[in-house]
Amino acid sequence: MPLFYSNSRFYHALMALTYRRHRDERFRAVARWVPEGAGVLDVCCGDGALSRYLPEGTRYLGLDRSRAFLRSARRRGRPVEYFDVGKGPLPKSQVVVCQVSLYQFHPRVEEMLARLYAAAEQRLIISESVWSLTRSKLPGVAPVIAWAMRTEGMADGYFRFTPEALDELFAAYRPALRHSGAICGGMDRLFVLDKVGVRNSG
């Protein structure tokens, strides 16, 4: 388990430092695209923080393989279960969410995106970072961050998406693409894919 995902408080402190005033924006941007009362599957959910931002009546289930995040989620009463997304089929859900986690599946990103899309019965919501300290030019910073965030199976701990790479990745899903755009002051990109019509417009 990568160092940054081995402690919930450490992870949130790092995210607060990285995103600063945009810290909650990603959660709110994702939640705006979740219809009220929908079933939501949050893949690689961390400690289930997204559940705090979802519309009333949402039926939420988070999946993550970090035992530390699971313990944190359970202390907060959030429905998060252990699941190694790389080793089993994803359960189906009306809405599937994956936040800032696709890079972890490099170089099998296309395969993971296809699995997420297959699990979504109505809508898939993806947010992904296009900014990372792994690109820092400060001496020693990039190697340490790459090591601390490298996950099992990744060929390159330095890999992160560029906006162009994300557009290319989602090009195959263009007929289903409901929305794409920058969030968090341009640090992240948000993609919404619809399989069937749903009422809210985001």
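The values are calculated or read from the model by the stated rules, or taken from the named source; none is laboratory data. In this text the structure is predicted, and so the values were computed from the model without any measurement. Cβ sites come from the backbone with ideal geometry, for glycine too, and all protein chains shown count toward neighbours. All accessible areas refer to the heavy atoms of the entire protein, side chains included, with ligands and DNA or RNA removed. Shrake-Rupley method; radii C 1.70, N 1.55, O 1.52, S 1.80 Å.
Residues whose amide H comes within less than 5 Å of that of I183, counting only those at least five positions distant or on another chain, are D188, R189, L190 (H built at 1.01 Å from N in the peptide plane). Pairwise inverse Cα distances across the range 24-117, averaged and inverted, put the Kirkwood hydrodynamic radius at 13.5 Å.
Among the protein heavy atoms, those of C44 account for about 30 Å² of accessible surface (1.4 Å probe, every chain in place). Here the Karplus curve 6.51 cos²θ - 1.76 cosθ + 1.60, taken at θ = phi - 60°, turns the phi angles of the range 51-64 into couplings of 4, 5, 9, 7, x, 4, x, 5, 9, 9, 9, x, 10, 7 Hz, with x standing for Gly and Pro.
Grab the beta carbon distance between A171 and R74, set R0 = 45 Å, and tell me the FRET efficiency rounded to 0.05. Don't jump to the answer; show the numbers that get you there.
Working: r = 39 Å, r/R0 = 0.88.
E between A171 and R74, to the nearest 0.05, is 0.70.
The 3J(HN,Hα) values that the Karplus relation (6.51, -1.76, 1.60; θ = phi - 60°) gives for the range 163-174 are, in residue order, x, 5, 5, 5, 4, 5, 4, 8, 4, 5, 9, 3 Hz. Gly and Pro appear as x.
Ordered by 1.4 Å accessible area with all protein chains kept, L124, L177 run largest first as L177, L124. Ligands, DNA and RNA excluded, the heavy atoms of Y173 present near 40 Å² of accessible surface to a 1.4 Å solvent probe.
Here the Karplus curve 6.51 cos²θ - 1.76 cosθ + 1.60, taken at θ = phi - 60°, turns the phi angles of the range 104-111 into couplings of 5, 9, 4, x, 10, 5, 4, 5 Hz, with x standing for Gly and Pro.
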